[in-house]
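Here's the structure, in C-alpha cells; my notes come after.
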Amino acid sequence: MTTSRLPYQDPRLPTAERVRDLLERMTLSEKLGQLNQVRADQAGVALVRTQAKAGLVGSRILASTAFAGNEAQLVAELEENNTVQRIACDESRLGIPILNGRDVIHGYRTIFPIPLGQAASFDPELVEQAAKHAAAEASAHGVHWTFAPMLDIARDPRWGRIIEGCGEDAYLTSALGAAMVRGFQGVDPSEPGRVLACAKHFLAYGTSEGGRDYASGECSDHTLRNVYLEPFRAAVRAGCATVMSAFHNINGEPVSGSHYLLTRVLKDELGFQGFVISDWAAVTEMIVHGAAENDADAAVKALTAGVDMEMVTGTFVAHLEAALANGQIDAARLDDAVARVLRAKFQKGLFERPYLDTTRATSSLLSPAARATARTLATRSLVLLKNQDSLLPLAKEGRRIAVLGPLASAQGELMGSWVFDGVASDVTSIVDALGESAPKLKFSTAPLMLDAQVQAAQRADVAIVVLGESPLRTGEANNIADLSLPRDQEVLLEALYRTGTPIVAVIAAGRPLPIGSVLERAQAVLYAWHPGTEGGRAIADVLFGDACPSGKLPVTLARSLGQVPIFYNHKNGGRAVNGYYPFFAPTHHGIRPYLDELATPLFPFGFGLSYTRFGYSDISIDRSEIARDERVKVSALLTNHGERSGAEVVQCYVRDYVGSVTRPVRELKGFRRVELGPAESARVEFELGPDELAFWNNSGKREVEPGRFGVWIGGSAYAELGTEFQVR
Ligand code: BGC
C-alpha cells in the first residue's frame with residue numbers, strides 16, 4: 001500500500017518517466033504479474049483476488065470459454081470488477097490497476113451488423129461512430145479494452161471467422177480497421193467512454209487450410225506483406241494500443257513464437273509501440289504445434305519472440321523467473337514487455353480512474369443515438385443483388401404480403417456470432433419491422449411447415465422469403481464444407497417458386513454464399529448479412545423504399561465452392577486463365593479454368609445495385625506522368641440517371657502493369673460514398689500517391705516502382721472507365 005505520491009503516480013509527469021519510475025520499483029515477480037492475463041469467471045474469483053493482492057494480475061479477461069464467440073458468456077460483473085480493482089490498487093504493494101479486456105466485436109448491448117456487413121457500407125465515418133457507441137456502452141460496464149478490430153483478410157468463405165473481418169480486400173480493411181480503432185480509442189483513450197483497441201489476429205490467420213479454423217497456413221512473404229500485413233500497418237498508424245498474436249502456425253512457425261513476425265515485422269518495421277497479447281492459450285498450444293517442449297519452453301519462446309502479455313495460461317508467471325536466472329530470457333526484453341503493458345495502462349488513464357461508476361451502467365445502454373447509428377449502418381450494409389422489373393421498393397398499400405422462411409421472425413439470429421451482451425428481445429424481427437413500417441399493409445406469416453408456407457405464398461401478391469444462416473454455423477471454430485444454403489431452405493424456395501408468386505429473397509448470412517439457385521427463383525435479392533439489433537428495421541426501410549440501397553460487396557460472391565479461393569485482385573498469370581474479369585485478355589487458346597464451371601464469379605467485389613441508376617463518364621487525370629514521390633489526381637463524373645435520390649460507393653482501382661515482382665490485375669485504392677438527387681451529377685476525385693502506389697517488392701521495401709499504371713473509376717471491381725499514367 002502506498003501513501004505519499006510517488007513519481008509514477010503523478011499524472012503531470014510524462015508517461016515515459018512514470019513508466020521508468022514504476023519499472024525501477026518492481027520486483028521480478030511483480031513484473032511477471034503485469035504480463036499475466038487471468039480469466040475472470042466465477043470459478044477463479046477467490047484465486048484472482050489472492051493473485052491481485054500479490055501483484056500477479058496484469059489483466060483480467062471478462063470471458064470464460066475458449067469458444068467465446070459462440071457460447072453465452074458471464075456478464076461483466078460490475079461489483080466484482082471494482083472489488084478486484086480495489087485489491088490491486090489498495091492492497092498490492094505498488095497499487096498497479098488491472099486492465100479489463102472483453103470481446104466487444106460489433107457492439108456491446110446495441111449490436112451493429114457483423115463486421116463483414118459493416119464493410120459492405122464502405123463508410124468509415126459510420127463504422128467509426130458504431131465503434132464509439134460500442135466503446136461507450138462497454139466502458140460503462142467496466143471494460144477497458146476490447147479485442148477488436150479483427151483485421152484478417154479472408155479469401156475462403158468456409159472459414160466461420162470470415163464474419164469478423166472486413167472481407168477480401170486489404171485497402172478496405174485498412175480504412176475500416178483504422179476507423180474502428182479511432183472509434184474505440186478516440187484521440188485520447190483515457191477519456192470516459194473510450195476503450196483500448198486490439199488489432200487481431202496477427203498475422204494471416206485467414207490462410208488456414210481448407211477454411212478450417214485453427215489450421216496451419218502457408219503464405220509467401222510477398223503476399224503476407226502486400227495483403228495480410230497492410231491492415232495492421234494501418235491500425236498501427238492509427239495508434240492501436242495492442243495487437244493479438246494468433247493461434248495458428250504459418251510458414252512453419254506458430255505466430256505466437258515467431259520472432260520474425262512479432263519483433264522484426266510488427267515492432268521493428270512497423271514501429272508498433274503498444275503491447276502484444278497472445279490469443280487464448282496460444283502460448284501453451286505451441287506445445288501441441290510441436291514448437292515447444294513444455295510450458296516453460298513455450299513461455300521462453302513466446303516472450304523472446306515478442307509476446308508481451310499471455311492470455312489465460314499463466315506460463316509466464318510460473319516459469320520466467322527461473323528462465324531469467326538460467327539466462328534463457330533476456331532481462332531487457334522482459335523489461336520492454338512490462339514497459340509496454342504499463343504504458344497502455346497509463347494511456348488508458350487507469351492510474352487516475354481505476355474504478356467503475358456503476359450508477360452509469362444501465363442508462364448508457366441502447367441510447368437512441370446508438371440505435372440510430374445501428375439502423376443507418378445496417379441500412380447501408382444491405383446489398384441489392386437483383387431487382388427484376390423494379391419489384392422493389394414495395395408500395396406500402398394495396399398488396400397482400402407473405403413473410404416467409406426460417407428467419408422471418410428471427411430476433412437473436414439477426415445479431416450474428418460474437419455477441420456476448422446483446423439481447424435477442426432488443427431486436428425487432430423482420431416481420432414486425434415490416435408491420436411497423438407499413439401499418440396499412442396486410443402481412444401474413446406461416447408456421448415453418450412446407451404446406452403452410454406454400455399456402456401463405458399462394459394467397460399473397462408478393463412473398464418476402466428470409467433465408468440464410470444461423471449464427472451457429474459462423475464465427476470461431478464454426479466452418480462449413482458445403483457452402484450451399486441448408487437443404488431444407490432450397491426445398492422451401494423451390495416450393496414457393498412453383499406457386500408463381502413473385503419472391504423477394506432476403507439473405508441473412510455470415511459469409512458470401514453461392515446463391516445461384518436463389519437468383520434464379522427470386523425476382524429481387526437483398527443480401528443482409530447478420531444485420532444487428534436494428535437490422536429488421538433497416539431491411540424494412542430498404543424494402544419499402546424509405547432508404548435506397550447502397551451497400552457493395554466487400555467480398556466476391558462465388559458461383560460454387562469449387563471456385564474458392566476467388567478474389568478480384570488476383571495476378572494475371574501467364575495464360576490469363578483466371579477469368580474473373582470477363583472483359584480482360586481473352587482466355588489463351590480457349591483454355592478455361594474449369595471444364596464444369598464458369599470462370600467469373602456470381603458477383604464481383606464492390607458490386608451492389610440501387611433503386612436509381614448511376615452512370616460514370618468523362619474520366620480525367622491532371623498529369624500523365626509523375627515522379628515516384630508525387631501525386632496524381634484522377635476524377636470521373638458520376639450522374640444519377642434515375643428518378644430518385646440515392647447514394648453510390650464510387651471506387652477507384654489501380655493496376656501497376658509491370659513490376660519487379662508481378663502485381664495484381666486491379667487493386668482498390670480509393671472509395672467514396674456520394675449522394676445524388678435525380679438527374680444530379682458530381683465530379684468525384686481521387687488522389688493517388690506513394691501510399692497508394694507502393695508495394696513490398698523483393699528488396700524488402702515498400703516502394704513505388706516506375707512504369708505504366710492503369711486507373712479505373714466505377715461502381716465495382718468491374719469498373720470500365722479508365723485511363724493511364726506513368727511513374728518515372
Ligand atoms: C479468439 C479471440 C478472442 C479471444 C478472447 C479466442 O478464442 O480467437 O479472437 O479475442 O478468444 O475471447
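The values are calculated or read from the model by the stated rules, or taken from the named source; none is laboratory data. Quick caveat, the model's predicted, so the values are computed rather than measured. Here Cβ is always computed from backbone atoms with ideal geometry, including for glycine, and neighbour counts include all displayed protein chains. Ligands, DNA and RNA are stripped out before the accessible areas are found, and what is left, the full protein with its side chains, is counted by its heavy atoms. Shrake-Rupley method; radii C 1.70, N 1.55, O 1.52, S 1.80 Å.
Determine, yes or no, whether residue 630 is farther than 21 Å from residue 383 by Cα and modelled with pLDDT of 95 or more. Steps first, answer last, please.
Numbers: farther than 21 Å from residue 383 by Cα: yes; modelled with pLDDT of 95 or more: yes.
Criteria met by residue 630.
Restricted to the range 133-145, and to residues that are in contact (Cβ under 8 Å) with a residue 60 or more places away in the chain and open to solvent by 10 Å² or more (accessible area, probe 1.4 Å), which residue is farthest from residue 230 (Cα to Cα)?
The extreme case among them is 141.
Could you list, ordered by first residue, the pairs with Cβ atoms under 7 Å in which the first is in the range 624-644 and within 13 Å of residue 715 (Cβ to Cβ) and open to solvent by less than 10 Å² (accessible area, probe 1.4 Å) and the second is assigned to a loop (DSSP other than H, G, I, E, B) and hydrophobic (A, V, I, L, M, F, W, C), at least 6 apart or interchain?
Filtered contacts from the range 624-644: 640/679.
Among the residues of the range 697-713, are any closer than 16 Å to residue 169 by Cβ and either among the hydroxyl-bearing types (Ser, Thr, Tyr) or free of Cβ contacts under 8 Å to residues at least 60 places away in the same chain (or both)?
Among the residues of the range 697-713, not one is closer than 16 Å to residue 169 by Cβ and either among the hydroxyl-bearing types (Ser, Thr, Tyr) or free of Cβ contacts under 8 Å to residues at least 60 places away in the same chain (or both), which makes the answer no.
Out of the range 377-431, which residues are hydroxyl-bearing (Ser, Thr, Tyr) and more than 22 Å from the chain's Cα centre (by Cα)? So that I can check it myself, show each step before the final result.
Going through the range 377-431, the residues hydroxyl-bearing (Ser, Thr, Tyr) turn out to be 379, 381, 390, 409, 417, 425, 428-429.
Correct list: 390, 409, 425, 428, 429.
Looking only at the range 38-86, which residues are over 13 Å from residue 142 (Cβ atoms), away from the ligand (no atom under 16 Å from the Cβ) and at pLDDT 90 or above?
50, 51, 52, 53, 54, 55, 56, 57
How many of the residues in the range 686-711 are in a strand (DSSP E or B) and out of contact with any Gly (no Cβ under 9 Å at 6 or more places or on another chain)? Please lay out each step first, then the result.
Initial filter on the range 686-711 (in a strand (DSSP E or B)): 686-688, 695-696, 702-703, 707-711.
Checking which are out of contact with any Gly (no Cβ under 9 Å at 6 or more places or on another chain) leaves us with 696, 702-703, 708-709.
Number satisfying all stated conditions: 5.
Looking at the range 168-199, which of its residues are among the hydroxyl-bearing types (Ser, Thr, Tyr) and open to solvent by less than 10 Å² (accessible area, probe 1.4 Å)? Lay out the reasoning, then the answer.
The first filter runs over the range 168-199 and keeps only residues among the hydroxyl-bearing types (Ser, Thr, Tyr), leaving 171, 173-174, 190.
Within the range 168-199, just 173 meets the criteria.
Filter the range 139-185 for residues that are among the polar types (S, T, N, Q) and away from the ligand (no atom under 14 Å from the Cβ) and give the result. I'd like the intermediate steps shown before the answer.
Looking only at the range 139-185, we keep the residues that are among the polar types (S, T, N, Q), and these are 139, 146, 173-174, 185.
Those that are among the polar types (S, T, N, Q) and away from the ligand (no atom under 14 Å from the Cβ): 139, 173, 174, 185.
Hey, any hits in the range 146-156 for a residue that's open to solvent by 10 Å² or more (accessible area, probe 1.4 Å) and over 22 Å from residue 114 (Cβ atoms)?
First, the residues of the range 146-156 that are open to solvent by 10 Å² or more (accessible area, probe 1.4 Å): 155-156.
When the remaining residues are screened for being over 22 Å from residue 114 (Cβ atoms), the result is none.
Checked against the condition, which is being open to solvent by 10 Å² or more (accessible area, probe 1.4 Å) and over 22 Å from residue 114 (Cβ atoms), the range 146-156 yields no hits at all.
Can residue 111 be described as open to solvent by less than 10 Å² (accessible area, probe 1.4 Å) and more than 16 Å from the ligand (Cβ to nearest atom)? Full working, then the answer.
Numbers: open to solvent by less than 10 Å² (accessible area, probe 1.4 Å): yes; more than 16 Å from the ligand (Cβ to nearest atom): yes.
Against the criterion (open to solvent by less than 10 Å² (accessible area, probe 1.4 Å) and more than 16 Å from the ligand (Cβ to nearest atom)), residue 111 qualifies.
In the range 716-728, what residues are assigned to a loop (DSSP other than H, G, I, E, B), open to solvent by 20 Å² or more (accessible area, probe 1.4 Å) and of a type outside the set (D, E, K, R)? So that I can check it myself, show each step before the final result.
Restricting attention to the range 716-728, the residues satisfying the condition of being assigned to a loop (DSSP other than H, G, I, E, B) are 716-720, 728.
From the residues that got through so far, the ones that are open to solvent by 20 Å² or more (accessible area, probe 1.4 Å) too are 718, 720, 728.
If the condition is that a residue be assigned to a loop (DSSP other than H, G, I, E, B), open to solvent by 20 Å² or more (accessible area, probe 1.4 Å) and of a type outside the set (D, E, K, R), then 718 is the only one that fits.
How about the range 584-682: which strands (runs of 3 or more DSSP E) wholly inside it have at least 3 residues that are within 20 Å of residue 119 (Cβ to Cβ)?
The qualifying strands (runs of 3 or more DSSP E) are 646-656, 667-676.
Of the conditions (1) closer than 21 Å to residue 341 by Cβ; (2) in contact with a helix residue (DSSP H, G or I) (Cβ under 8 Å, 6 or more places away or on another chain); (3) more than 16 Å from the ligand (Cβ to nearest atom); (4) in a helix (DSSP H, G or I), residue 232 fails just one. Which one is it?
(3)
Any residue in the range 299-319 that is of a type in the set (S, T, N, Q), open to solvent by 30 Å² or more (accessible area, probe 1.4 Å) and closer than 30 Å to residue 83 by Cβ? Spell out the reasoning first.
First, pick out the residues of the range 299-319 that are of a type in the set (S, T, N, Q): 304, 313, 315.
Right, trim to open to solvent by 30 Å² or more (accessible area, probe 1.4 Å) and you get 304, 313.
From what is left, the residues that are closer than 30 Å to residue 83 by Cβ are 313.
Within the range 299-319 (the criterion being of a type in the set (S, T, N, Q), open to solvent by 30 Å² or more (accessible area, probe 1.4 Å) and closer than 30 Å to residue 83 by Cβ), the answer is yes, since at least one residue qualifies.
May I ask you to list the residues in the range 570-608 that are open to solvent by 60 Å² or more (accessible area, probe 1.4 Å), under 33 Å from the mean Cα position of the chain (by Cα) and over 29 Å from residue 705 (Cα atoms)?
Selection gives 594, 598.
Among the residues in the range 236-246, are any more than 16 Å from the ligand (Cβ to nearest atom), open to solvent by less than 30 Å² (accessible area, probe 1.4 Å) and among the basic types (Lys, Arg)?
No, the conditions are met nowhere in the range 236-246.
Hey, among the residues in the range 200-221 that are open to solvent by 10 Å² or more (accessible area, probe 1.4 Å) and touching a Ser or Thr at 6+ places or on another chain (Cβ under 9 Å), which one's farthest from the ligand (Cβ to nearest atom)?
218
So residue 420 passes all but one of these: (1) open to solvent by 20 Å² or more (accessible area, probe 1.4 Å); (2) modelled with pLDDT of 95 or more. Which condition number does it fail?
So residue 420 meets the others, but not (2).
So which of 361, 332, 369 ends up being free of Cβ contacts under 8 Å to residues at least 12 places away in the same chain and either open to solvent by 60 Å² or more (accessible area, probe 1.4 Å) or under 30 Å from residue 423 (Cα atoms) (or both)? Show your work before the answer.
Values: 361 fails: free of Cβ contacts under 8 Å to residues at least 12 places away in the same chain; 369 fails: free of Cβ contacts under 8 Å to residues at least 12 places away in the same chain.
Step by step, each of 361, 332, 369 is checked, and only 332 is free of Cβ contacts under 8 Å to residues at least 12 places away in the same chain and either open to solvent by 60 Å² or more (accessible area, probe 1.4 Å) or under 30 Å from residue 423 (Cα atoms) (or both).
Okay, residues lined up against (1) farther than 25 Å from residue 151 by Cβ; (2) touching a Leu at 6+ places or on another chain (Cβ under 9 Å):
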{"position": "462", "(1), (2)": "yes, yes"}
{"position": "474", "(1), (2)": "no, no"}
{"position": "480", "(1), (2)": "no, no"}
{"position": "494", "(1), (2)": "yes, no"}
{"position": "509", "(1), (2)": "no, yes"}
{"position": "522", "(1), (2)": "yes, yes"}
{"position": "531", "(1), (2)": "no, yes"}
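Tell me which residues, restricted to the range 223-242, are touching a strand residue (DSSP E or B) at 6+ places or on another chain (Cβ under 7 Å) and within 26 Å of residue 667 (Cα to Cα). I'd like the intermediate steps shown before the answer.
First, pick out the residues of the range 223-242 that are touching a strand residue (DSSP E or B) at 6+ places or on another chain (Cβ under 7 Å): 225-226, 232, 235, 240-242.
Matches in the range 223-242: 225, 226, 232, 235, 240.
Within the range 286-298, which residues are open to solvent by 40 Å² or more (accessible area, probe 1.4 Å), on the phi < 0 side of the Ramachandran plot and out of contact with any strand residue (DSSP E or B) (no Cβ under 7 Å at 6 or more places or on another chain)? If you could, list the steps in order and put the result at the bottom.
Taking the range 286-298 as the starting set, the residues that turn out to be open to solvent by 40 Å² or more (accessible area, probe 1.4 Å) are 287-290, 293-295.
Going one step further and asking which of them are on the phi < 0 side of the Ramachandran plot, we end up with 287-289, 293-295.
Correct list: 287, 288, 293, 294, 295.
Quick test for you: out of 99, 94, 126, pick the one residue that is within 16 Å of the ligand (Cβ to nearest atom) and at pLDDT 95 or above.
Numbers: 94 fails: within 16 Å of the ligand (Cβ to nearest atom); 126 fails: within 16 Å of the ligand (Cβ to nearest atom).
The conditions single out 99.
Out of the residues in the range 261-308 that are free of Cβ contacts under 8 Å to residues at least 12 places away in the same chain and within 17 Å of residue 216 (Cβ to Cβ), which is farthest from the ligand (Cβ to nearest atom)? Don't jump to the end; show me each part of the working.
First pass over the range 261-308, keeping only residues free of Cβ contacts under 8 Å to residues at least 12 places away in the same chain: 264, 268-269, 287-288, 290, 293-294, 297.
Keeping just the survivors that are within 17 Å of residue 216 (Cβ to Cβ) gives 287-288, 290.
Details: 287: 17, 288: 15, 290: 20 Å.
Out of the qualifying residues, it is 290.
Can you confirm whether residue 383 is over 12 Å from residue 544 (Cβ atoms) and open to solvent by 10 Å² or more (accessible area, probe 1.4 Å)? If you could, list the steps in order and put the result at the bottom.
On the way: over 12 Å from residue 544 (Cβ atoms): yes; open to solvent by 10 Å² or more (accessible area, probe 1.4 Å): no.
When the stated conditions are applied, residue 383 does not pass them.
Identify the single condition in (1) farther than 26 Å from residue 118 by Cα; (2) in a loop (DSSP other than H, G, I, E, B); (3) open to solvent by less than 50 Å² (accessible area, probe 1.4 Å); (4) not charged (D, E, K, R) that residue 448 does not satisfy, given that it satisfies every other one.
(3)
Please list, ordered by residue number, the helices (runs of 4 or more DSSP H) wholly in the range 320-415 having 2 or more residues that are within 30 Å of residue 613 (Cα to Cα) and β-branched (Val, Ile, Thr).
368-381
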